[in-house]
Amino acid sequence: MIIKLKSTLSGAQAEQLAAAHKAFHIFDGAHTLITGSSMKEVPAGLVEHADASWVFPNDMQLASRGYNPETRTINFGATTIGGQSKHTVLIGGPCSVESEEQIESAAQLLKSLGLNTLRGGAYKPRTSPYSFQGMGLDGLKLLAKMRERHGLTVITEARDATHIDEIIEHTDIIQVGAKAMYDQGILRACAKINKPVLIKRGFGTTLQELVQAAEFVLSGGNQDVMVCERGIRTFETGTRFTLDLCGVAWLKEHTNLPVILDPSHAMGYAYGVAPLAKACVAMGIDGLLIETHPNPKVAKSDASQQLTYEAFTQLYHELKPVAAAVGYKIV
Ligand code: PEP
Ligand code: MN
């Protein structure tokens, strides 16, 4: 249950009420308490302090359109997504940061197209311990360098909670990867900051579980949460995963979280990324994440799915009219 408190109450009073009722306390335009969804009535001790309340069938609460019907507005560096913006942010860059030369070339590609958001993994959550694990802190510093040099907004993923503070320090947007989205240490750390958080859906994760991961961050105080569909595992093995566009429609209908789509990881092969990306943008989405590399053949991770810069550039131009057809703009 969500209970909006009267504006006459101070933060300290709200905090006391939260402690007394074992509720979360956030400031969301007003002091607000959140309890488990099993609570269906404002408890006696809170009735006199409550301005408004919402009851939910399950623990999809702050993220629910039933609470806030408008999609959250999230600042993406110089631009915004969600709200009334009708922006589809195109996030581009390599799977992994591999060298200064490589990430610099990706930064230049984005700048040349008028795009602003650079991705690149520094702590890679690889399936095998023998694969390239990422450049770690050196990779984060290179991303930060790209931000300073080119004025880009950078996004990178946290693999586990041991380096979450480094990630938070060096990046603008924190990506919680498909394998990391159940990591409570990461989610709880992301709840305490005021940087946007992108939570990717695990490949065996239900939509409800994905939203509950977002609720960890929201109920902890950070309202800037987005979710990302990046393919789920089905019986099909011809493609790496299966992009769940039904799930995207569900998220857009039931949640107020901006939705980003990642056709690169879903498809697993470069040949399918562009057509899938167009299908994604045609749904009217808040963002698209596309992996691109100066020489995909020699990429240290996800080599088969990364687009060449030529293919990325062509895709960008082809996406613009698709976005326009559904009232959106690629930024
Ligand atoms: C990535 O974005 O490079 C990545 C590892 O994605 P995911 O967590 O979706 O597998
Ligand atoms: Mn990748």
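The values are calculated or read from the model by the stated rules, or taken from the named source; none is laboratory data. Just so it is clear, the model here is predicted, and its values are computed rather than measured. Positions of Cβ are generated from backbone atoms using ideal geometry, with glycine treated the same way; all protein chains shown enter the neighbour counts.
Within segment 277-301, the residues that satisfy the criterion of being within 16 Å of ligand 1 (Cβ to nearest atom) and either over 21 Å from the mean Cα position of the chain (by Cα) or surrounded by fewer than 21 Cβ atoms within 10 Å (Cβ to Cβ) (or both) are 293, 296, 299, 300, 301. The residue that is surrounded by the most Cβ atoms within 10 Å (Cβ to Cβ), counting only those in segment 5-35 that are hydroxyl-bearing (Ser, Thr, Tyr) and within 13 Å of residue 49 (Cβ to Cβ), is 32. Each residue in segment 253-276 was checked for being more than 16 Å from ligand 1 (Cβ to nearest atom) and under 14 Å from the mean Cα position of the chain (by Cα), and 4 of them qualify. Per the conditions (1) touching a residue at least 60 places away in the same chain (Cβ under 8 Å); (2) out of contact with any Ser or Thr (no Cβ under 7 Å at 6 or more places or on another chain), the sole criterion not satisfied by residue 255 is (2).
Every residue, every condition in (1) among the small types (Gly, Ala, Ser); (2) within 16 Å of ligand 2 (Cβ to nearest atom); (3) in contact with a Cys (Cβ under 6 Å, 6 or more places away or on another chain); (4) under 14 Å from residue 199 (Cα atoms), yes or no:
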position	(1), (2), (3), (4)
213	yes, no, no, yes
231	yes, yes, no, yes
240	no, yes, no, no
261	no, yes, yes, yes
268	yes, yes, no, no
283	no, no, no, no
296	no, yes, no, no
310	no, no, no, no
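Tell me yes or no: at least one residue of segment 227-234 is farther than 17 Å from residue 205 by Cβ and either more than 16 Å from ligand 1 (Cβ to nearest atom) or modelled with pLDDT of 95 or more (or both). Looking through segment 227-234, none of the residues is farther than 17 Å from residue 205 by Cβ and either more than 16 Å from ligand 1 (Cβ to nearest atom) or modelled with pLDDT of 95 or more (or both). Screening the candidates 88, 73 for the property of being surrounded by fewer than 20 Cβ atoms within 10 Å (Cβ to Cβ), farther than 24 Å from residue 206 by Cα and within 18 Å of the chain's Cα centre (by Cα) yields one hit, 73. Taken over segment 302-322, the criterion of being small (Gly, Ala, Ser) and either crowded, with 24+ Cβ neighbours inside 10 Å or within 16 Å of ligand 1 (Cβ to nearest atom) (or both) is satisfied by 303, 304. Only one of the numbered conditions (1) under 23 Å from residue 83 (Cβ atoms); (2) more than 16 Å from ligand 1 (Cβ to nearest atom) is not met by residue 248, and that is (2). How many residues does segment 177-201 hold that are more than 16 Å from ligand 2 (Cβ to nearest atom), closer than 18 Å to residue 120 by Cβ and surrounded by fewer than 20 Cβ atoms within 10 Å (Cβ to Cβ)? Qualifying residue count for the region: 1.
Can you confirm whether residue 226 is in contact (Cβ under 8 Å) with a residue 60 or more places away in the chain and either more than 16 Å from the chain's Cα centre (by Cα) or not in a helix (DSSP H, G or I) (or both)? Yes, satisfied.
The rows are residues; the columns are (1) of a type in the set (A, V, I, L, M); (2) touching a residue at least 40 places away in the same chain (Cβ under 8 Å); (3) assigned by TED's automatic domain parsing to the domain that holds residue 288.
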site: 46; (1), (2), (3): yes, yes, no
site: 63; (1), (2), (3): yes, yes, no
site: 66; (1), (2), (3): no, no, no
site: 80; (1), (2), (3): no, no, yes
site: 87; (1), (2), (3): no, yes, yes
site: 95; (1), (2), (3): no, yes, yes
site: 102; (1), (2), (3): no, yes, yes
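In segment 129-138, the condition of being assigned by TED's automatic domain parsing to the domain that holds residue 264, within 16 Å of ligand 1 (Cβ to nearest atom) and without any contact (Cβ under 8 Å) to a residue 24 or more places away in the chain is met by at least one residue.
Of these, 187, 143, which one is part of a helix (DSSP H, G or I), within 16 Å of ligand 1 (Cβ to nearest atom), touching a residue at least 40 places away in the same chain (Cβ under 8 Å) and in the same structural domain as residue 213 (by TED's automatic domain parsing)?
Numbers: 187 fails: touching a residue at least 40 places away in the same chain (Cβ under 8 Å).
None of the others qualify; the one that does is 143.
The number of residues in segment 94-140 being within 23 Å of the chain's Cα centre (by Cα) and either part of a loop (DSSP other than H, G, I, E, B) or buried (at least 21 other Cβ atoms within 10 Å of the Cβ) (or both) comes to 29.
Among the residues of segment 263-301, what is the count of those that are touching a strand residue (DSSP E or B) at 6+ places or on another chain (Cβ under 6 Å) and among the charged types (D, E, K, R)? Qualifying residue count, segment 263-301: 2.
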